[in-house]
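The values are calculated or read from the model by the stated rules, or taken from the named source; none is laboratory data. Values in this document were obtained by computation on a predicted structure and should not be read as measured data. We place every Cβ from the backbone using ideal geometry, glycine too, and count neighbours over all the protein chains shown.
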Amino acid sequence: MDSFFCSCLLRWRYSCFADIDLETWCISTKGVEECLTSKTKAIIPVELYGSMPDWGAIHDVARANNLFVVEDAAEALGSQCKGKGAGSLGATGCFSFHGSKSLTTNEGGMIVIDDDDLFKRILFLLDHGRIAGNVFPVNVEFAFKYKMSAMQAAMGLALIERGQELVDGKREIFNWYAEELGDIDGLKLNAEPVGVVNSYWMTTVIVDPKYGMDKFILMEKMKQEGVDTRPFFSPLSSIPAYADTEEARVASKRNINAYAVSGAGINLPSGLQLTRDDISKVCDALKRILKG
């Protein structure tokens with residue numbers, strides 16, 4: 001997610017950190033509206049762990065303020081909102097094929113877009129600022145090198161054919177977790193609002209403060225039980241690379257939801273190779289910890 005933020009800093013030197021919704025863990029409309037200024041150019045909703053923001057409200061704000069919408073669908077391959085697939089909900093959508101993703105080429109990603117002019121501009125920028133089709137290596141503008149190898153592309157094309165199978169596997173893993181953990185008081189799992197299909201890239205739990213554990217304590221206890229977990233993503237405004245900026249200092253006081261959720265959440269094992277018995281062992285370990 002911070003790769004998008006770095007791109008903003010490289011181009012405009014300014015970004016505003018918006019707060020999240022407590023249910024979906026995605027950017028909230030209220031959070032967006034609190035960030036708007038006369039200089040705002042775009043909104044970048046991140047579909048965290050496969051979840052979806054309130055896309056109808058996001059588009060309303062974008063239209064009212066003449067804003068570009070870039071959909072960060074890096075973690076949401078296979079998710080849907082009212083029948084529209086992740087990647088098709090913004091002016092452009094971006095996917096990640098990092099080694100941890102459901103569909104992976106080990107590194108790299110993909111942009112999806114329905115705008116010929118912008119598509120040509122992207123092709124230009126990803127290849128050193130060279131005009132597509134020009135056989136002479138002439139760089140006409142400062143640009144980048146964002147092309148994956150032919151081998152990586154072949155891997156990606158092969159896995160796309162298994163896309164629904166991979167998403168179904170992730171949803172099955174989440175459902176196993178939900179069956180065993182869904183009724184535990186003070187434990188919150190990934191949300192799937194009406195009209196949304198969540199691809200559940202990572203099954204995640206938020207633990208109520210009444211248990212007296214932040215994510216790091218809980219992760220250590222799970223480690224002692226032989227279970228490897230990951231911390232819920234930290235707010236970008238808390239990361240050392242950005243924390244000294246004025247925007248980050250403002251966000252650290254304003255974005256109450258983001259800081260609260262991040263501090264209490266962990267990602268549970270979610271690899272597609274896991275069996276029902278594996279999930280039960282993870283759940284049993286978590287239950288023992290919560291019982292004290």
Where in the range 217-288 are there helices (runs of 4 or more DSSP H), lying fully within it, with 3 or more residues that are surrounded by fewer than 14 Cβ atoms within 10 Å (Cβ to Cβ)? 246-254
Exactly one condition in (1) loosely packed, with under 11 Cβ neighbours inside 10 Å; (2) under 30 Å from R276 (Cα atoms); (3) touching a strand residue (DSSP E or B) at 6+ places or on another chain (Cβ under 9 Å) is not met by L187; state its number. (1)
Need pairs with beta-carbon distance below 7 Å; first residue assigned by TED's automatic domain parsing to the domain that holds Y200 and within the range 214-233, second in a loop (DSSP other than H, G, I, E, B) and surrounded by 12 or more Cβ atoms within 10 Å (Cβ to Cβ); sequence gap 6+ or separate chains. K215/F232; M219/T229; M222/T229; V227/P269; D228/P269; T229/L268; F233/M1
Exception for C8 within (1) in contact with a strand residue (DSSP E or B) (Cβ under 9 Å, 6 or more places away or on another chain); (2) at pLDDT 95 or above; (3) not acidic (D, E) falls at (2)
Within the range 233-291, residues of a type in the set (D, E) and either within 23 Å of the chain's Cα centre (by Cα) or closer than 30 Å to G163 by Cβ (or both) come out as E247, D277, D278
Which of (1) in a loop (DSSP other than H, G, I, E, B); (2) free of Cβ contacts under 8 Å to residues at least 40 places away in the same chain is the odd one out, the single condition E33 does not satisfy? (1)
Please state which one of T229, T204 is more than 26 Å from K253 (Cβ to Cβ), of a type in the set (S, T, Y) and under 19 Å from the mean Cα position of the chain (by Cα). T229
Could you name every one of the strands (runs of 3 or more DSSP E) located completely within the range 51-166 that has at least 3 residues being outside the structural domain of V196 (by TED's automatic domain parsing), out of contact with any Pro (no Cβ under 7 Å at 6 or more places or on another chain) and crowded, with 19+ Cβ neighbours inside 10 Å? 92-96
